[in-house]
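The next block holds one structure in the form of structure tokens; read it before the comments.
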Amino acid sequence: MIFHAIVTVDLDGGVTSSARNTFNEEMKKEKFYKHKLTTLWTARYLDGWTKANALKDARDSVDKAAQVAGIRKYEALVSLSDEAPTEWWKPTTLLGG
């Protein structure tokens, strides 16, 4: 079964830009995709993963990225589903619509 992970991570307000950039690069190395939404990441776990293993990997990936970046305080949430998340954009226009 394929699992799609949605991960949101709220880094402590005292995190430096350098630490935030390091965290972001580490998450990318762990095969997570950073969305334009400021704290949102997604990953896809292909056949062979159990839900428990995918959850553990997502948590471990966040923990590793934070550790490498020197970030000690953060809050994170992960949600797994067999369906991909839906993302959309509403462009602005000169008329504000």
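Before moving on, here are some points about what is shown:
- Check on Ser61, closer than 23 Å to Phe3 by Cβ and assigned to a helix (DSSP H, G or I): yes
- Residues that are touching a His at 6+ places or on another chain (Cβ under 8 Å), surrounded by 14 or more Cβ atoms within 10 Å (Cβ to Cβ) and farther than 17 Å from Asn24 by Cβ within region 40-89 comprise Arg44, Tyr45, Leu80, listed in sequence order.
Condition check ((1) of a type outside the set (Lys, Arg); (2) touching a residue at least 24 places away in the same chain (Cβ under 8 Å)) across all residues:
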site: Ala19; (1), (2): yes, yes
site: Lys28; (1), (2): no, no
site: Lys34; (1), (2): no, no
site: Ala52; (1), (2): yes, no
site: Ser79; (1), (2): yes, yes
site: Glu83; (1), (2): yes, yes
site: Glu87; (1), (2): yes, yes
site: Pro91; (1), (2): yes, no
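- Selection over region 1-37 of residues that are within 18 Å of Gln67 (Cβ to Cβ) and aromatic (Phe, Trp, Tyr) gives a count of 2.
- Ala43 within 13 Å of the chain's Cα centre (by Cα), under 22 Å from His4 (Cβ atoms), in a strand (DSSP E or B) and without any contact (Cβ under 8 Å) to a residue 60 or more places away in the chain: yes
- Thr86 passes every criterion in (1) part of a strand (DSSP E or B); (2) more than 10 Å from the chain's Cα centre (by Cα); (3) hydroxyl-bearing (Ser, Thr, Tyr) apart from (1).
Values in this text are rule-based calculations from the coordinates and carry no lab data. Computed from a prediction, not measured in an experiment: that's the story for all the values here. When we count neighbours, we look across all protein chains shown, and the Cβ atoms used for this are built from the backbone with ideal geometry, even at glycine.
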